[in-house]
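The values are calculated or read from the model by the stated rules, or taken from the named source; none is laboratory data. Model, not experiment: these values are computed from the prediction. Note that we place each Cβ from the backbone using ideal geometry, even for glycine, and neighbour counts take in every protein chain shown. Just the protein is used for accessible areas: all its heavy atoms, side chains included, with ligands, DNA and RNA removed. Shrake-Rupley method; radii C 1.70, N 1.55, O 1.52, S 1.80 Å.
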Amino acid sequence: MSDPERRLAELGLTLPEPARPVANYVPFVRAGGLIHISGQVSSDASGGLRGVVGEDLDAEAGRLAARLCGLNIIAQLKGALDGDLSRLVRIVKINGFVQAGPSFFDIPQVINGCSDLMVEVFGDKGRHARSAVGVYRLPLNFAVEADAIAEVR
């Protein structure tokens with residue numbers, strides 16, 4: 001068991017099956033030593049977290065939605081690495097998008113749900129550059145979407 005796998009187990013987390021694309025794209029692209037993970041929404045086996053943060057969901061629910069995105073990113077990354085998360089050199093960047101109400105401004109705190117998970121699982125290799133953006137609508141009414149770039153060996 002690799003260190004990231006051990007950390008996931010210690011955190012009581014189980015990775016979901018990597019989500020299949022719902023449109024005309026692929027779940028990840030490898031370009032040299034980088035893997036670009038397509039946007040992962042706040043879905044899980046129970047249906048995930050949907051709605052507008054600041055209206056339907058509070059900031060804490062939004063943070064949990066971002067954490068779901070992070071789990072889905074790690075699941076895609078594991079698939080891209082043929083099941084071996086120890087090949088990660090570092091998470092380079094996370095782009096986070098929050099379906100936010102007009103008076104909701106705590107976008108960075110919501111995306112911390114994803115960012116914190118990367119550090120919890122990968123340690124310093126999980127520290128990354130980031131964008132956190134509030135948007136009007138996300139696909140299928142999911143509360144949060146995040147994509148990632150990872151350096152791998």
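Once amide H atoms are built 1.01 Å from N in the peptide plane, which residues 5 or more positions from VAL89, or in another chain, come under 5 Å H to H?
The list, which skips near neighbours in sequence, is GLU151, VAL152, ARG153.
When only alpha-carbon atoms count, how far does the chain stretch along each of its three principal axes, as whole angstroms with the largest first?
Reported extents, whole Å, longest axis first: 42, 35, 29.
So between THR14 and PHE105, what do we pick up on full extension, going 0.36 nm a residue minus the alpha carbon distance? Please report the intermediate quantities before stating the final value.
Numbers: separation 91, 0.36 × 91 = 32.76 nm, distance 3.10 nm.
That pair, THR14 and PHE105, stretches by 29.7 nm at full extension.
Scan the chain and note any complete DSSP helix (H) whose C-alpha atoms cover at least 20 Å along its axis and whose Kyte-Doolittle average is -0.5 or more.
Working: long enough: 59-80 (31 Å, 0.59); 107-122 (23 Å, 0.99).
Result, helices passing both filters: 59-80, 107-122.
How big is region 9-59 by Rg and Dmax over its Cα atoms, in Å?
14.6, 42
For the chain, what does -39500 (n - 2.57) per DSSP helix run (n ≥ 4), summed and divided by total residues, give at 222 nm, in deg cm²/dmol to the nearest 500? Please report the intermediate quantities before stating the final value.
Working: 3 runs with 46 residues, N = 153.
Theoretical 222 nm ellipticity from helices: -10000 deg cm²/dmol.
Could you calculate the FRET efficiency of ASP44 with VAL119 from 1/(1 + (r/R0)^6), where r is the beta carbon distance between them and R0 is 22 Å, rounded to 0.05?
Values: r = 21 Å, r/R0 = 0.95.
It comes out at approximately 0.60.
Between ASP84 and ARG153, 0.36 nm times their residue separation minus their Cα-Cα distance comes to what? Can you show the working numbers first?
Working: separation 69, 0.36 × 69 = 24.84 nm, distance 1.05 nm.
Using 0.36 nm per residue and subtracting the Cα-Cα distance, I get 23.8 nm.
Per residue, how many Å² of accessible area does region 1-52 show with a 1.4 Å probe?
Values: 3320 Å² over 52 residues.
Ligands and nucleic acids excluded, the result is 64 Å² per residue.
Averaged per residue, what accessible surface does region 69-153 expose to a 1.4 Å probe, in Å²?
Numbers: 3490 Å² over 85 residues.
Here the residues of region 69-153 average 41 Å² of exposed surface.
With just the Cα atoms of region 63-142, tell me how far they stretch along each of the three principal axes, in Å, largest first.
On the principal axes, region 63-142 reaches 41, 26, 17 Å in Cα extent.
Which of the trypsin sites (Lys or Arg not before Pro) found in region 74-141 are loop residues per DSSP with 15 or fewer other Cβ atoms within 10 Å of their Cβ?
Passing sites in region 74-141 are ARG127, ARG137.
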